[in-house]
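First the structure, in the form of structure tokens, and then the observations on it.
The values are calculated or read from the model by the stated rules, or taken from the named source; none is laboratory data. Since this is a predicted model, take the numbers as computed values, not measurements. A quick note on method: Cβ atoms are made from the backbone with ideal geometry, for glycine too, and the neighbour counts reach across all protein chains shown.
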Amino acid sequence: MKKTCVVTGGAGFLGSHLCDRLLAEGCRVICLDNLLTGSIRNIEHLAGNEDFTFIKQNVTEYLYIEGEVDFIFHFASPASPIDYLEFPIPTLKVGALGTHKTLGLAKSKGAKFLLASTSEVYGDPLVHPQPESYWGNVNPIGPRGVYDEAKRFAEAMTMAYHRFHGLDTKIVRIFNTYGPRMRIRDGRVVPTFISQAMKGEDLTVFGDGSQTRSFCYVSDLIEGIYRLAMSDLNDPVNIGNPSEMTVMQFAREIIRLTGSASRIIHRPLPVDDPKVRQPDIALARRALGWEPRVGLEEGLRETIGHFRTVIE
Ligand code: UDP
């Protein structure tokens with residue numbers, strides 16, 4: 001008997017890659033997405049696959065799924081800072097009400113549950129790099145608070161269902177991830193810089209560009225999530241690539257790899273933009289035998305190749 005997995009946000013960047021992986025592992029996949037920031041284009045290659053079902057559904061509302069479900073992956077959420085600004089209330093609702101609904105579905109089906117959480121639970125971190133034991137430094141009322149607090153609530157709700165209802169739950173804290181199927185205009189630094197470089201426009205570095213990020217290629221991330229799903233861990237696990245760089249270094253790298261004549265200009269730093277971010281992945285290494293394999297240059301060449309096929 002094939003296992004049945006529900007993926008919320010399955011038409012999004014990460015959700016669609018997860019659907020591909022679960023199908024490749026021989027699962028049936030039911031993808032729920034309201035297409036607020038997801039796109040049918042990310043799953044159109046799965047049309048006609050008899051193991052794949054798409055349901056256009058807002059997971060903040062009551063969920064009905066017929067038949068048995070073995071695993072629920074809750075990936076639905078806007079995930080880019082400009083999306084939180086445009087959709088602050090849906091972001092709060094999907095993290096809070098959507099997590100409650102999907103946990104309720106998992107409970108009624110006796111399914112395992114995996115929450116896509118985020119490095120944003122650490123906020124603008126005062127501990128560096130960030131281990132899972134760090135409680136974070138989050139501004140609840142800033143523009144990013146709608147995402148950070150929704151995900152923190154989602155983690156609390158997930159642990160409550162684990163402790164109180166005995167559900168087998170997992171939490172992955174996802175650090176900056178990039179790769180094919182990111183939206184060109186989602187405002188995040190990877191698609192923004194690549195599309196600016198490809199069009200010969202100036203690259204917009206926010207602030208002085210000394211803030212750091214650590215970028216993980218999507219195939220590495222999905223491998224880590226799959227291993228976590230198969231594990232017996234219930235506490236949160238960081239999955240990300242610990243190789244850290246400044247945004248300025250990243251801009252120069254994009255210019256080099258695209259062979260662009262673009263220059264770098266500066267724009268104001270957004271409110272509460274974290275100054276540093278790097279995952280401590282000791283737990284993932286030890287408990288899952290996982291670490292990233294794809295280097296930045298290799299991953300960016302793949303991603304640039306993808307954007308060349310979609311950029312107008
Ligand atoms: N950033 C930038 N220029 C842009 C977009 C983003 O300098 O056009 C910076 C942003 O201020 C942040 C980093 O790049 O310091 C990563 O931003 P992103 O929106 O990708 O995600 P975040 O890691 O902040 O959630």
- line: Within region 126-170, the count of residues that are within 18 Å of the chain's Cα centre (by Cα), part of a helix (DSSP H, G or I) and under 20 Å from PHE73 (Cα atoms) comes to 10
- prompt: Within region 39-57, can one find any residue that is more than 23 Å from ILE184 (Cα to Cα), surrounded by 24 or more Cβ atoms within 10 Å (Cβ to Cβ) and not hydrophobic (A, V, I, L, M, F, W, C)?
  reply: no
query: Does region 95-103 contain at least one residue that is in contact with a Cys (Cβ under 8 Å, 6 or more places away or on another chain) and not acidic (Asp, Glu)?
result: no
- request: Filter region 83-117 down to the residues that are of a type in the set (Val, Ile, Thr) and surrounded by 24 or more Cβ atoms within 10 Å (Cβ to Cβ), then identify the one that is farthest from the ligand (Cβ to nearest atom).
  value: THR102
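Evaluate the following for GLU120: is it away from the ligand (no atom under 15 Å from the Cβ) and under 16 Å from the mean Cα position of the chain (by Cα)?
Spelling it out, it is not the case that GLU120 is away from the ligand (no atom under 15 Å from the Cβ) and under 16 Å from the mean Cα position of the chain (by Cα).
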query: Quick one: would you say ALA284 is over 18 Å from THR212 (Cβ atoms), hydrophobic (A, V, I, L, M, F, W, C), more than 14 Å from the ligand (Cβ to nearest atom) and more than 20 Å from the chain's Cα centre (by Cα)?
result: no
task: Give just the number: which of (1) modelled with pLDDT of 95 or more; (2) closer than 21 Å to PRO268 by Cα; (3) basic (Lys, Arg); (4) more than 10 Å from the ligand (Cβ to nearest atom) does ARG185 not satisfy?
output: (1)
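Test of understanding: among TYR161, TYR178, which residue is more than 15 Å from the ligand (Cβ to nearest atom) and in contact with a helix residue (DSSP H, G or I) (Cβ under 8 Å, 6 or more places away or on another chain)?
Only one candidate passes the filter, namely TYR161.
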task: Would you mind finding the one in THR212, THR177 that is in contact with a Cys (Cβ under 7 Å, 6 or more places away or on another chain) and either over 25 Å from ALA261 (Cβ atoms) or without any contact (Cβ under 8 Å) to a residue 12 or more places away in the chain (or both)?
output: THR177
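For ALA197, indicate whether it is in contact (Cβ under 8 Å) with a residue 24 or more places away in the chain, closer than 20 Å to ALA154 by Cβ, among the hydrophobic types (A, V, I, L, M, F, W, C) and buried (at least 18 other Cβ atoms within 10 Å of the Cβ).
Values: in contact (Cβ under 8 Å) with a residue 24 or more places away in the chain: yes; closer than 20 Å to ALA154 by Cβ: no; among the hydrophobic types (A, V, I, L, M, F, W, C): yes; buried (at least 18 other Cβ atoms within 10 Å of the Cβ): yes.
Criteria not met by ALA197.
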message: Would you confirm whether or not region 64-84 contains a residue that is of a type in the set (D, E, K, R) and under 17 Å from MET182 (Cα atoms)?
response: yes
- request: Kindly indicate the residue of region 237-265 that is more than 21 Å from the chain's Cα centre (by Cα) and within 30 Å of ARG173 (Cβ to Cβ) and also farthest from the ligand (Cβ to nearest atom) among those meeting that condition.
  value: LEU257
- request: For region 192-216, name all the residues that are within 10 Å of the ligand (Cβ to nearest atom) and hydrophobic (A, V, I, L, M, F, W, C).
  value: PHE193, LEU203, VAL205, PHE206, PHE215
